[in-house]
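First up is the structure itself, then whatever we jot down about it.
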Amino acid sequence: LEADVVVIGAGIAGLSVALGLPAGTRAHVLTKARLGAGGSTPWAQGGIAAAVGPDDSPRLHAADTLAVAGGVAEPSAVEILARGGPAAIAGLQQLGASFDRRGDGLALGREAAHSRSRIVHARDATGAEVLRTLAAAVGRAPHVTVFEGERACDLLFDQGRVRGVLTRTEEDGRARLHGARAVVLASGGIGQAWACTTNPPEATGDGLALAARAGARLADLEFMQFHPTALAVGADPCPLLTEALRGAGALLLDEDGSRFLRELHPDGELAPRDVVARGLFLHRRAGHGTFLDCRREPGARLAEAFPTVFAACQRFGLDPRQDLVPVQPAAHYHMGGVWVDGWGRSSLPGLWACGEVSSTGVHGANRLASNSLLEALVFGGRVARDLAGALRRRAPARLPAASAGQLAAARQRPDAGLAAEAMVRLRRAMWEHVGLVRDEHGLRTALGEIARLERQLGHGRDDVHALLEVGRLVAAAALARRESRGSHFRSDFPHGDPAWQRRQLVEPARLTA
Ligand code: SIN
């Protein structure tokens, strides 16, 4: 099939790119799932951070973002992000998104480490509202064709440029080739690599693995963010209890009713996310129970204001208006990914990336809550603008060919039993050894387990292969960073090292099969 642009992923980032391309561009959007469903976007609760309040400014938003990022965020990218907020919200509203309102303006929520109330939201189902809006707009856009149930297996090159994508249709296993003048990775995150995660089943790191195999520069892979408050009821994935609950006054208590976080940080429940998540993890490891107390605040208004949270609690027999809700940290958001510049250009000619799979540098070592949907909107829009210029300059090229090795890997399916067992073992190893507290012995143990599983499974392009690949990359990056910073905490190097106050770039060797 021939396109001008192939976008891998149909969440907020991918659809923002597709919609931003000039009319007449032949855009193919590939998704493993269905348009408007699947991926992390519809699961996003809290909202979109944007400096739209009368007491706020992009300068303040940027300062808050940098303040929690552990000194390794890219200030220029953060400025682009914060400045882009108000226009991104206005753009969504023009497309028909409906956000909660108060008086004449938007109702702005509060989340941890934001110095202002600046979270634009649609109750606690903001991502679902955004995806509904974008999917409807894509349905009205004649230049966009969506290919559902199609998995991206490999990038294809012609004369050193990325020129297309080899895919496999999930229904009948057919290999397909989409030739294009540019490819955009917008394939989301990697949370499924950990046994406890708030991420949906599709978050299997396919895009990151594909970029790594193709030799793209990667950055900040060790910085995985853990959300402090997932519902601790043994569900997989762990239901998220949005940070906006704490912004609305909910407290974190242990079994004695003690607000233990106040000993760690003066901001207590609203301390930066890495501090809260690690504090909770260590308190649990010391044998304590950890609970979210919503009984006073948001109290009786919880069911109306937080219907997603309310429904999740009810599924497990809890009424958060009356009961303490057990919580634990869970893998939530990957702040590293495919290195890109301020226009979303990767190190590979012809390949752009945006959203969670990318590493723009805006999050540094610790992401500010609700900056991720914003990043996808702002940088997705910039990728589209950059592509519009690139497409004007470049003539269509011949279609690339897939190698025999790539075709064989795309078609190969692992034994289902082996794959399921490998998934369980990988996720356990990542949770135990590449989680909130890491050390050299644990990281080497995880790498050993991953190597064993990779040998057992062999080549392939399924979820489990992608997760093994990204698990290995994250564990290796965590082993290399011999210090603690933001979400990356090494018990054997518990302090920050000024020599490490920089991003960690990785240049994988290009593999062909
Ligand atoms: C949440 O609603 O707590 C998640 C928001 C985020 O991770 O940005």
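Give segment 248-271 a look and list any residue that's within 15 Å of the ligand (Cβ to nearest atom) and surrounded by 23 or more Cβ atoms within 10 Å (Cβ to Cβ), or say none.
Correct list: Ala250, Leu252, Glu269.
Within segment 226-234, is there a residue that is out of contact with any Cys (no Cβ under 7 Å at 6 or more places or on another chain) and either away from the ligand (no atom under 16 Å from the Cβ) or among the charged types (D, E, K, R) (or both)?
Taking every residue of segment 226-234 in turn, at least one turns out to be out of contact with any Cys (no Cβ under 7 Å at 6 or more places or on another chain) and either away from the ligand (no atom under 16 Å from the Cβ) or among the charged types (D, E, K, R) (or both).
Inspect segment 472-491 for any residue being small (Gly, Ala, Ser), closer than 24 Å to Ala203 by Cα and touching a Ser or Thr at 6+ places or on another chain (Cβ under 8 Å) and give the result as yes or no.
no
Per-residue answers, yes or no, for (1) within 16 Å of the ligand (Cβ to nearest atom); (2) within 30 Å of Ala286 (Cα to Cα); (3) hydrophobic (A, V, I, L, M, F, W, C):
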residue	(1), (2), (3)
Leu318	no, yes, yes
Gly342	no, no, no
Leu351	no, no, yes
Arg367	yes, yes, no
Val378	yes, no, yes
Gly389	no, no, no
Arg393	no, no, no
Arg398	no, no, no
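Confirm whether Ala209 is in a helix (DSSP H, G or I) and either in contact (Cβ under 8 Å) with a residue 40 or more places away in the chain or small (Gly, Ala, Ser) (or both).
When the stated conditions are applied, Ala209 passes them.
Farther than 20 Å from Ala44 by Cβ, touching a residue at least 24 places away in the same chain (Cβ under 8 Å) and not polar (S, T, N, Q): does that describe Glu111? It would help to see each step written out before you state the result.
On the way: farther than 20 Å from Ala44 by Cβ: no; touching a residue at least 24 places away in the same chain (Cβ under 8 Å): yes; not polar (S, T, N, Q): yes.
Answer is no for this residue.
Among the candidates Ala122, Ala69, Ala73, Ala112, single out the residue that is within 13 Å of Val362 (Cβ to Cβ), within 15 Å of the ligand (Cβ to nearest atom) and assigned to a loop (DSSP other than H, G, I, E, B). Let's see the steps before the verdict.
Details: Ala122 fails: within 13 Å of Val362 (Cβ to Cβ); Ala73 fails: within 15 Å of the ligand (Cβ to nearest atom); Ala112 fails: within 13 Å of Val362 (Cβ to Cβ).
The match here is Ala69.
Filter segment 214-244 down to the residues that are over 24 Å from Glu269 (Cβ atoms) and either in contact with a Ser or Thr (Cβ under 6 Å, 6 or more places away or on another chain) or at pLDDT below 95 (or both) and list them by number.
Ala216, Arg217, Ala219, Asp220, listed by residue number.
Need a quick list: helices (runs of 4 or more DSSP H) entirely within segment 394-504 having at least 1 residues that are over 26 Å from the mean Cα position of the chain (by Cα) and of a type in the set (Lys, Arg).
It comes to 404-411, 440-457.
Among the numbered criteria (1) of a type outside the set (S, T, N, Q); (2) surrounded by fewer than 19 Cβ atoms within 10 Å (Cβ to Cβ); (3) within 16 Å of the ligand (Cβ to nearest atom), which single criterion is violated by Leu245?
Tallying (1) of a type outside the set (S, T, N, Q); (2) surrounded by fewer than 19 Cβ atoms within 10 Å (Cβ to Cβ); (3) within 16 Å of the ligand (Cβ to nearest atom), Leu245 fails exactly one: (2).
Would you check if Thr204 is surrounded by 24 or more Cβ atoms within 10 Å (Cβ to Cβ), part of a loop (DSSP other than H, G, I, E, B) and not small (Gly, Ala, Ser)? Full working, then the answer.
Numbers: surrounded by 24 or more Cβ atoms within 10 Å (Cβ to Cβ): yes; part of a loop (DSSP other than H, G, I, E, B): yes; not small (Gly, Ala, Ser): yes.
Judged against the criteria, Thr204 is a match.
Residue check: is Leu282 away from the ligand (no atom under 14 Å from the Cβ) and touching an Asp or Glu at 6+ places or on another chain (Cβ under 8 Å)?
no
Let me confirm something: among Thr169, Thr126, Thr145, which residue is without any contact (Cβ under 8 Å) to a residue 60 or more places away in the chain and of a type in the set (S, T, N, Q)?
Residue meeting the stated conditions: Thr169.
List pairs: first in segment 367-379 and β-branched (Val, Ile, Thr), second more than 9 Å from the ligand (Cβ to nearest atom), Cβ under 8 Å, 6+ apart or cross-chain?
Short answer, once both residue conditions are applied: Val378/Ile80; Val378/Leu81; Val378/Gly84; Val378/Gly85; Val378/Ala88.
Quick one: in segment 17-31, which of the residues that are part of a loop (DSSP other than H, G, I, E, B) and surrounded by fewer than 24 Cβ atoms within 10 Å (Cβ to Cβ) is farthest from the ligand (Cβ to nearest atom)? Steps first, answer last, please.
Residues of segment 17-31 that are part of a loop (DSSP other than H, G, I, E, B), as a first pass: 21-26, 31.
When the remaining residues are screened for being surrounded by fewer than 24 Cβ atoms within 10 Å (Cβ to Cβ), the result is 22-26.
On the way: Pro22: 31, Ala23: 33, Gly24: 35, Thr25: 31, Arg26: 34 Å.
The qualifying residue farthest from the ligand (Cβ to nearest atom) is Gly24.
Has segment 286-307 got any residue that is within 30 Å of Asp462 (Cα to Cα) and either among the acidic types (Asp, Glu) or away from the ligand (no atom under 16 Å from the Cβ) (or both)?
no
Identify the residue in segment 39-74 that is without any contact (Cβ under 8 Å) to a residue 60 or more places away in the chain and touching a helix residue (DSSP H, G or I) at 6+ places or on another chain (Cβ under 7 Å) and, among all such residues, is farthest from Glu222 (Cα to Cα).
Applying the filter and picking the extreme gives Pro58.
The values are calculated or read from the model by the stated rules, or taken from the named source; none is laboratory data. None of the values given here were measured: they were computed from a predicted structure. Cβ coordinates were reconstructed from backbone atoms using ideal geometry, including for glycine residues, and neighbour counts include every protein chain displayed.
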